[in-house]
1. So which residues in segment 62-114 are basic (Lys, Arg) and surrounded by 11 or more Cβ atoms within 10 Å (Cβ to Cβ)?
2. Hey, any hits in segment 139-156 for a residue that's polar (S, T, N, Q) and buried (at least 20 other Cβ atoms within 10 Å of the Cβ)?
3. Would you check which residues across segment 190-220 are of a type in the set (A, V, I, L, M, F, W, C) and closer than 12 Å to Trp76 by Cβ and list them?
4. Of the conditions (1) of a type in the set (D, E, K, R); (2) out of contact with any helix residue (DSSP H, G or I) (no Cβ under 6 Å at 6 or more places or on another chain); (3) touching a residue at least 60 places away in the same chain (Cβ under 8 Å), Asp248 satisfies every one except a single condition; which number is it?
5. When segment 138-177 is examined, which residues are found to be farther than 30 Å from Gly234 by Cβ and at pLDDT below 90?
6. I want to confirm something. Restricting to segment 28-46 and keeping residues that are assigned to a loop (DSSP other than H, G, I, E, B) and polar (S, T, N, Q), which single residue is modelled with the highest pLDDT?
7. Within the bounds of segment 169-190, is there any residue that is without any contact (Cβ under 8 Å) to a residue 40 or more places away in the chain, part of a loop (DSSP other than H, G, I, E, B) and either on the phi > 0 side of the Ramachandran plot or touching a Pro at 6+ places or on another chain (Cβ under 7 Å) (or both)?
8. Out of Ala257, Ala226, report the one residue that is in contact (Cβ under 8 Å) with a residue 40 or more places away in the chain and more than 23 Å from Phe167 (Cβ to Cβ).
Amino acid sequence: MSNKNLSTYLLVTPQTLIFILFLVIPIIAIAVISFWNFNGFSMTPGFTFSNYLGIFTSQVYLSTYLNTFKFAGIVWLICLLISYPVAYFLAFEVKSPQWQTIWFLICTVPFLTSNIIRMIAWIPFLGREGLLNQALMGLGLIERPIEMFLFSDFAVILAMVQLYCLFMVAPIFNSMIRIDRALVAAAKDLGSSGFQIQKEIILPLAAPGIAIGSIFVITLVMGEFATMRLMSGGKTSSVGYLIKNQIDSLQYPMAAANAIILLLLALLIVSLILRTVDIRKQL
């Protein structure tokens, strides 16, 4: 083996070891535990499909998975509808690179605090006696406080959109900033409308950024449990929240089985996105 090849292997060895120790081995361990026996009180090493059969044959589990997909789809769509115009404004309307940086940093200001603090901040705003209800009552738009603003699906979606919207803005902005402005100028000279420019030039070239942002948002929402617990008041559930409760009650084999299924579903969604859009242009 030449010295060049040896140095190459030495360079990748630390990353490979970290990858194996902290990702591959834990996933293998979770997969093994998912086949262990659990009698409701204790678990014993073994090999059984009962954990997986219990998930696929239970209406409660299936509805929880559907609920998770519902939240992932709604949050992804809202984040996309918000992030695309924001990224377009930063990339095309703000001409100065310095001001682009400043405005982007302003978008990151909420991320200077923890997720829990940002979620808790919504409670005095959305609550029954919160600022939103008081403002609507003060304007005479409602006669009594609206209960659905807090501890509901609405509150969960609102909090998740705030938490993860930047994960969509950043990659889309990164894609748009690389678009050759000469293409847009040439399209305008040829009489193309703004809609045609968006459809034929900007949207296709920004697709890798949209794909990367979609992967971030969807996978993060699918694994959420803290936001679900706090903002729904325990009235709704997700797979992540279900796994957390099973771990708290020491139902490790069931939690491991749900974790493996959730991982496979997330990988399936990511693979579908990658088959649709070539993100190598972005990397």
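The values are calculated or read from the model by the stated rules, or taken from the named source; none is laboratory data. Computed from a predicted model, the values in this text were never measured in an experiment. Here the Cβ is made from the backbone with ideal geometry for all residues, glycine too, and neighbour counts use every protein chain on show.
1. Going residue by residue through segment 62-114, those that are basic (Lys, Arg) are 70, 95.
Residue satisfying the conditions is Lys70 alone.
2. So in segment 139-156, the residues polar (S, T, N, Q) come out as 152.
Now narrow it down to the ones that are buried (at least 20 other Cβ atoms within 10 Å of the Cβ): none.
No: segment 139-156 contains no residue that is polar (S, T, N, Q) and buried (at least 20 other Cβ atoms within 10 Å of the Cβ).
3. The answer is Ile210, Ala211, Ile215, Phe216, Val217, Ile218, Leu220.
4. Among (1) of a type in the set (D, E, K, R); (2) out of contact with any helix residue (DSSP H, G or I) (no Cβ under 6 Å at 6 or more places or on another chain); (3) touching a residue at least 60 places away in the same chain (Cβ under 8 Å), Asp248 violates only (3).
5. Correct list: Gly138, Leu139, Gly140.
6. Going through the qualifying residues, I end up with Ser34.
7. no
8. Ala257
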